Ligand SMILES: [Zn+2]
């Protein structure tokens, strides 16, 4: 087992995951806002923010799909050791992790069912820088409008059109994150 | 000091992760009830174990925590929950609404408007607004998925034909972002307008029924009504006897053996702050 597999988890899991969750919750509740998140030192190519999100939300009950470069031995071993989450393909995952292009196409993921729209995947989109400008966001959690640099407006608009079904996104970069739930209109 | 016999905030980490995932899906689908696997808590169900579990999943040691029970900070229930998180999470507690970062509540929304840095956690006994129309969970799920809310309107309209107005005074149903009908918990309908566009995050936890739901900030929340009978956020038609407030929700209290009564703010922090600022009602000493 590589040394880096054993390192980089939360040193004080209860407290650090509590802090990390508040960042994720604030981001999901206020789409477009950018928050700091820390505590994890995952192996490349994962950002610290993506590592902290996964440590906070994932365990043996949450199948994860690793897309593209994220699907490497170092990441697999690190996730297995620190979360115990099983790996799976996109169609059965609760969380997916990777760069935007590697995660495509969006129709590969569970979007929930009419009776249980919560049974949908959350995509952790890692690696693209976060800037509070670019695409305009409106919807619950946003007072008037917000702005966020987003990868593909068309694909995200198609996701919003599925509401109340659909995917939810957490964008991570360096030690920061932002989120985009399915409710948000983007243009 | 936290009591080291327990994990931080009492719940184990796996349970907190499960609740945290449910909270995120709740925020992503405002007003929709997310199922979760409720845990036994060291207090009876009637004591708001759903709210307690939500609070346990969101608290950090830096939070300042307030608990209100029908507006009051000093009931046995409120004191017990406050003490529980002082001991298990090491949080500071307060009775002052503006000083709290997390407020757990049973049956009231504070009178002072909440702000963006705050989170309001509701204790919910019955999360399903359609339950009294349809006892089967499989059917109410279907009704929500198909937006079959006609029966709910029929029930409210029966109130009007029987009483001349909508008699439902608590847990008055709302529609969230034009989609899900939601039970706001047994708050008085006077509080319903505060749900709409609130700056704080609102989280709802039902322990026995194992449901979590949420309203992100600035969410559009409308009380169900009819064109010819618009919703009214009614309250007792008196000023508060202690602080003279005319805009607060009032409880009627018996003052003496002779049956003397007065109306006082149900939000005790609001009332005390007004009295401290020199406001006096007609019954104030
Ligand atoms: Zn008063």
Yes or no: residue B:97 more than 14 Å from chain A (Cβ to nearest Cβ) and either more than 16 Å from the chain's Cα centre (by Cα) or on the phi > 0 side of the Ramachandran plot (or both)? no
Where residues in the range A:56-70 are in contact with a strand residue (DSSP E or B) (Cβ under 8 Å, 6 or more places away or on another chain) and under 22 Å from residue B:24 (Cα atoms), which of them is nearest to the other protein chains (Cβ to nearest Cβ)? A:57
Within the bounds of the range B:248-262, is there any residue that is within 11 Å of the ligand (Cβ to nearest atom), on the phi > 0 side of the Ramachandran plot and outside the structural domain of residue B:54 (by TED's automatic domain parsing)? no
May I ask you to verify whether residue B:274 is more than 30 Å from residue B:165 (Cβ to Cβ) and in a loop (DSSP other than H, G, I, E, B)? no
Could you say whether any residue in the range A:135-147 is under 24 Å from residue A:96 (Cα atoms), away from chain B (no Cβ under 11 Å), in contact with a strand residue (DSSP E or B) (Cβ under 7 Å, 6 or more places away or on another chain) and not in a strand (DSSP E or B)? no
Being buried (at least 18 other Cβ atoms within 10 Å of the Cβ), assigned to a loop (DSSP other than H, G, I, E, B) and more than 7 Å from chain B (Cβ to nearest Cβ) is the filter here; which residues of the range A:1-32 pass it? A:8, A:9, A:10, A:31, A:32
The one condition residue B:262 fails out of (1) surrounded by fewer than 23 Cβ atoms within 10 Å (Cβ to Cβ); (2) part of a loop (DSSP other than H, G, I, E, B) is (2)
Just to be sure, is residue A:110 more than 20 Å from residue A:25 (Cα to Cα), under 14 Å from the mean Cα position of the chain (by Cα) and within 14 Å of chain B (Cβ to nearest Cβ)? no
So which of B:244, B:281 ends up being at positive phi, within 10 Å of the ligand (Cβ to nearest atom) and touching a residue at least 12 places away in the same chain (Cβ under 8 Å)? B:244
Flag if residue B:161 is outside the structural domain of residue B:266 (by TED's automatic domain parsing) and in contact (Cβ under 8 Å) with a residue 24 or more places away in the chain: no
Looking at the range B:219-241, which of its residues are within 16 Å of the ligand (Cβ to nearest atom) and under 19 Å from the mean Cα position of the chain (by Cα)? B:235
Counting just the residues of the range B:175-211 that are assigned to a strand (DSSP E or B), surrounded by fewer than 22 Cβ atoms within 10 Å (Cβ to Cβ) and in contact with a helix residue (DSSP H, G or I) (Cβ under 9 Å, 6 or more places away or on another chain), which one comes out nearest to the other protein chains (Cβ to nearest Cβ)? B:180
For the range B:149-171, state whether one or more residues are closer than 25 Å to residue A:142 by Cα and at pLDDT 95 or above. no
In the range B:80-87, is there at least one residue being modelled with pLDDT of 95 or more, over 16 Å from the mean Cα position of the chain (by Cα) and within 14 Å of chain A (Cβ to nearest Cβ)? yes
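The values are calculated or read from the model by the stated rules, or taken from the named source; none is laboratory data. This one's a predicted model, so the numbers in the text were calculated from it and none came from an experiment. Neighbour counts are summed over all protein chains in view; Cβ atoms, including those assigned to glycine, are modelled from backbone coordinates with ideal geometry.
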